[in-house]
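The values are calculated or read from the model by the stated rules, or taken from the named source; none is laboratory data. The shown structure was predicted, so the numbers you read here are calculated from the model rather than taken from an experiment. Counting neighbours? That spans all protein chains shown, and the Cβs are built from the backbone with ideal geometry, glycine included.
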């Protein structure tokens with residue numbers, strides 16, 4: 001039985017580099033879309049060399065670009081542009097994350113795209129969006145996280161803001177872009193007439209990295225506007241919610257415990273032997289517990305420090321208190337819950353210096369039918385599918401040979 005791939009039959013042309021647009025392309029490919037990734041001659045997407053440990057193609061590239069086909073085109077010359085237009089003519093979706101105006105300079109303006117394929121769904125990801133006073137500024141996700149108010153919230157009190165350990169701004173923007181594409185495809189399916197009546201530029205899925213980050217800051221803005229409250233960095237805590245933190249155990253490992261629900265709090269304090277805190281009238285609401293957060297963290301930290309992490313988690317689990325270990329990559333790879341849902345899938349990977357056997361890659365989210373869909377293949381070699389894709393456009397072998405020779 002074939003896996004359920006709801007986007008089977010959708011063709012996507014990805015003109016993106018780095019992480020944001022390629023993340024959108026990855027999500028669409030995960031669920032069956034034929035994603036053709038356009039890469040520049042000789043070097044390809046710069047992500048191929050980001051976090052490179054060996055060879056010429058990083059595991060980061062192999063992860064973000066799984067399920068896609070790679071074609072080499074130079075969009076700045078006439079032949080590359082002509083091939084791109086042929087691909088656009090036969091595609092449902094175009095993804096790009098260049099600085100606004102770049103495609104226009106390469107002869108791929110909105111007017112040209114509309115003339116080539118009036119039904120095309122276009123998703124653009126940029127630092128600050130396609131309009132507004134900052135729209136022409138370059139910027140990576142690190143800058144966008146700062147502009148979006150997110151970076152101000154990450155780190156320890158009294159210390160400079162920190163960064164999360166992944167490119168979260170790019171990833172969230174990519175998820176929004178994929179969501180926008182699927183909405184547009186659904187709208188086209190449901191009412192093609194209405195879509196045709198909407199001007200082409202008004203149908204563009206316009207994702208700004210800074211806005212994507214702003215959108216996940218919860219009540220940051222309304223709390224400031226309504227009450228003048230400026231959220232601050234709280235380290236392992238979450239402002240206004242207690243007790244919820246990480247605690248160091250006797251074996252040197254830390255655990256995370258989220259005991260901030262009213263009924264959970266009662267069980268939590270009983271489990272750590274602090275019935276006095278469980279019964280304290282001032283601590284029966286979240287507001288009171290937040291005021292006493294230092295007291296509570298000291299009590300919990302003192303308890304955790306006397307026990308190995310596994311024993312502390314066993315006690316909390318028996319009491320129904322949400323808690324867990326802080327996993328390393330090694331822990332993830334051996335976890336039975338991830339294994340049960342095929343969330344680590346293994347491939348032999350050639351990194352350019354040799355084949356790395358049975359390398360684990362994160363599975364596909366969301367899950368259908370209780371287990372991750374199978375990953376079709378990891379990110380492709382540079383230009384791996386150039387010949388195949390040009391043949392689909394009607395090129396003969398001699399013409400393809402000449403094209404590939406010219407790119408070397």
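Among the residues of the stretch 210-234, write down those that are outside any helix (DSSP H, G or I), over 30 Å from residue 177 (Cβ atoms) and modelled with pLDDT of 95 or more.
Once the filter is applied, which keeps residues that are outside any helix (DSSP H, G or I), over 30 Å from residue 177 (Cβ atoms) and modelled with pLDDT of 95 or more, the stretch 210-234 yields only 228.
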Let me confirm something: among 251, 280, 276, which residue is surrounded by 14 or more Cβ atoms within 10 Å (Cβ to Cβ) and either farther than 20 Å from residue 157 by Cβ or free of Cβ contacts under 8 Å to residues at least 60 places away in the same chain (or both)?
280
Condition check: more than 30 Å from residue 277 (Cα to Cα) and surrounded by 12 or more Cβ atoms within 10 Å (Cβ to Cβ). Does residue 183 satisfy that?
yes
Those residues of the stretch 102-136 which are out of contact with any helix residue (DSSP H, G or I) (no Cβ under 9 Å at 6 or more places or on another chain) and more than 27 Å from residue 86 (Cα to Cα), in sequence order:
131, 132, 133, 135, 136
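Has the stretch 299-307 got any residue that is exposed (fewer than 13 other Cβ atoms within 10 Å of the Cβ), out of contact with any helix residue (DSSP H, G or I) (no Cβ under 7 Å at 6 or more places or on another chain), in contact (Cβ under 8 Å) with a residue 12 or more places away in the chain and not assigned by TED's automatic domain parsing to the domain that holds residue 59?
Just the residues of the stretch 299-307 that are exposed (fewer than 13 other Cβ atoms within 10 Å of the Cβ), to begin with: 302, 305-306.
Okay, now just the ones that are also out of contact with any helix residue (DSSP H, G or I) (no Cβ under 7 Å at 6 or more places or on another chain), so 302, 305-306.
Now narrow it down to the ones that are in contact (Cβ under 8 Å) with a residue 12 or more places away in the chain: 305-306.
After this cut, where a residue has to be not assigned by TED's automatic domain parsing to the domain that holds residue 59 as well, the list is 305-306.
Looking for residues that are exposed (fewer than 13 other Cβ atoms within 10 Å of the Cβ), out of contact with any helix residue (DSSP H, G or I) (no Cβ under 7 Å at 6 or more places or on another chain), in contact (Cβ under 8 Å) with a residue 12 or more places away in the chain and not assigned by TED's automatic domain parsing to the domain that holds residue 59, one finds at least one in the stretch 299-307, hence yes.
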Would a scan of the stretch 48-55 turn up a residue that is in contact with a strand residue (DSSP E or B) (Cβ under 9 Å, 6 or more places away or on another chain), at pLDDT below 95, surrounded by fewer than 23 Cβ atoms within 10 Å (Cβ to Cβ) and more than 18 Å from residue 385 (Cα to Cα)?
yes
Here are some conditions: (1) under 24 Å from residue 51 (Cα atoms); (2) crowded, with 18+ Cβ neighbours inside 10 Å. Residue 206 meets all but one. Which one does it not meet?
(1)
Restricting the stretch 309-349 to residues that are over 25 Å from the mean Cα position of the chain (by Cα) and in a loop (DSSP other than H, G, I, E, B), the one nearest to residue 379 (Cα to Cα) turns out to be 322
Residue 375 vs. criteria assigned to a loop (DSSP other than H, G, I, E, B), touching a helix residue (DSSP H, G or I) at 6+ places or on another chain (Cβ under 8 Å) and either surrounded by 14 or more Cβ atoms within 10 Å (Cβ to Cβ) or modelled with pLDDT of 95 or more (or both)
yes
Which residues, counting only those in the stretch 76-99, are surrounded by fewer than 19 Cβ atoms within 10 Å (Cβ to Cβ), touching a residue at least 12 places away in the same chain (Cβ under 8 Å) and outside any helix (DSSP H, G or I)?
76, 90, 99
Is it true that some residue in the stretch 163-181 is touching a residue at least 60 places away in the same chain (Cβ under 8 Å) and not in a helix (DSSP H, G or I)?
yes
